Structure formats: C-alpha cells, structure tokens
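Take a look at the structure set out below.
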Amino acid sequence: MKRRDKHQWMKDRMKDPFFLKAKKEGYRARSAYKLIEIQEKFNIIPKTGNVLDLGCAPGAWIQVLQKFSKASLFGIDLLEIAPISNLNFLKGDIFSEEANNFLQNKKFNLILSDIAPNCCGNKRQDHLKIMALADRVLEFVLNYLEESGNFCIKIFDGSDVTEYIASTRTFFKSVKFFKPKSSSKESNEFYLVCSNFIKTTKTD
Ligand SMILES: C[S@@+](CC[C@H](N)C(=O)[O-])C[C@H]1O[C@@H](n2cnc3c(N)ncnc32)[C@H](O)[C@@H]1O
C-alpha cells in the first residue's frame, strides 16, 4: 500500500465504530462482530465438541468461540498467531499435506471459514480466488464434519456462487445467505450459513 493510501486507511479505521469497539472490548480484529452477529441470528456454535476455524489469524473468531463455547478449538492459517489459550493451531496452507495430517481422524461439530485470499482489487479475480479456497474448504467439510454439524463460510459474490450454493444444498438441511452489519457495505463479501449436515448425499 502506498504511504498516502495507508494514511487514508488509518483515518477511515479511526472512524469505524466496529474497529473502535473491538479495541475497547479486547478483540484482535473487528471481524469478531461478524461471528457474533452470525451466532445471534443462527445459533451455530456448539456448547461442546470440536470446532475448526480455517483462516483463523489474528484470532478474533477464536476469542468469540471461547466466549460462547467450551468446545476444543482447532485453527489453521498461513500466518502465525499470537499465543491464545487452548487453541490447537497449525501454521500452514489449507492446500498442504500438513493440513490433511493435522485434521486426520478428527471430527468437528462446526467448521468456520473466514479465509480470504490476497485481494488484487479486481472483483472477478478476487471472486475466483476465494472460490478456489471455498472448494477446498468444502472438501474438508465433507471429510471432517460430524453428521448434523454446521458450517459457515465467507464468499465474495460473483459468477460461481450459484453453483457453490447448489453443492452445499445437497449436503445441508438449511443454507442461508447473511451479510452482517459489521461487514463493510463497500465489500461484496457475504457469509453462507449451512446448518444440519446430512452425511448421505442425495442421488439423482
Ligand atoms: C480475514 S482473515 C481471518 C480473520 C479471522 N476470522 C479473525 O477473526 O481473526 C483471513 C485469513 O485467511 C488466511 N488465509 C488465506 N489463504 C489461506 C490459505 N491458503 N491457508 C490458510 N490460511 C489462509 C490469511 O492468512 C488471513 O489470516
């Protein structure tokens, strides 16, 4: 980011109520409020069991999970995360063999993905990048989500969304779109909230 752009970004941040609230309430990022809103509307976080948070750095969603649940928490991110209690963390790429090994033989009651690619600003390209990540995340869901478990993923709107939603509808009793108030209006991101995983797929 250019020096002038960074300066403007910092000025905008200081006016952002969710950024200021996160600072005041001790959350690592304003994204905490997105998960709080999702939880308040859909009640997807289990009280116990196992929860997987993909793209978990810097850890704001982990902080929220710890507030709502006593579940064992697992997280993966490309970036290192400042120490946070009781998190089983893998620093790595979700496409890596290490990620497969990390998840092997585990089952989760909830899988979250707030993963975002390095955005270039071109809406079409950014959409395709996040959809490639979303396909990988769906593989994890099919392999590691418990029957009746829940799944929530961030997507940038675009051409491949309809097909992705159709796939998720095959595996979940309910699939809803949600744009939290804390998600910036300028961003084309939204969340897909999928509840009640059905292990056996419908055949045509
Ligand atoms: C918006 S941030 C997540 C914020 C997080 N939910 C929180 O509340 O702290 C998106 C994260 O996705 C991670 N990410 C992007 N591509 C990834 C990949 N291929 N494997 C693992 N993590 C990835 C980034 O490193 C970044 O930390």
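Quick notes on this structure:
- Whichever residue in region 17-47 is surrounded by fewer than 22 Cβ atoms within 10 Å (Cβ to Cβ) and basic (Lys, Arg) and, among such residues, is nearest to the ligand (Cβ to nearest atom): 28
- Considering residues of region 48-74 that are assigned to a strand (DSSP E or B) and within 9 Å of the ligand (Cβ to nearest atom) only, the residue surrounded by the fewest Cβ atoms within 10 Å (Cβ to Cβ): 54
- Given (1) assigned to a strand (DSSP E or B); (2) surrounded by fewer than 16 Cβ atoms within 10 Å (Cβ to Cβ); (3) among the small types (Gly, Ala, Ser), index of the condition residue 85 fails: (1)
- Of the helices (runs of 4 or more DSSP H) contained entirely in region 89-204, those carrying at least 2 residues that are over 20 Å from residue 50 (Cα atoms) and open to solvent by 50 Å² or more (accessible area, probe 1.4 Å) fall at 123-144, 161-171.
- Cross-chain or 6+ apart pairs with Cβ under 7 Å, region 59-78 first and over 12 Å from residue 47 (Cβ atoms), then hydroxyl-bearing (Ser, Thr, Tyr): 60/27; 60/31; 61/31; 63/27
- Condition check for residue 86: away from the ligand (no atom under 15 Å from the Cβ), over 22 Å from residue 154 (Cα atoms) and either touching a strand residue (DSSP E or B) at 6+ places or on another chain (Cβ under 9 Å) or in contact (Cβ under 8 Å) with a residue 60 or more places away in the chain (or both): yes
- For region 53-75, a residue qualifies if it is closer than 19 Å to residue 23 by Cβ and of a type in the set (Gly, Ala, Ser), and the qualifying residues are 57, 59, 60.
- Condition broken by residue 9, with the remaining ones in (1) closer than 24 Å to residue 183 by Cβ; (2) surrounded by 20 or more Cβ atoms within 10 Å (Cβ to Cβ); (3) hydrophobic (A, V, I, L, M, F, W, C) satisfied: (2)
The values are calculated or read from the model by the stated rules, or taken from the named source; none is laboratory data. These numbers come from a predicted model, not from an experiment. Every residue, glycine as well, gets a Cβ built from its backbone with ideal geometry; the counts of neighbours run over all protein chains shown. Quick note on the areas: whole protein, heavy atoms, side chains included, nothing else; ligands and nucleic acids left out. Shrake-Rupley method; radii C 1.70, N 1.55, O 1.52, S 1.80 Å.
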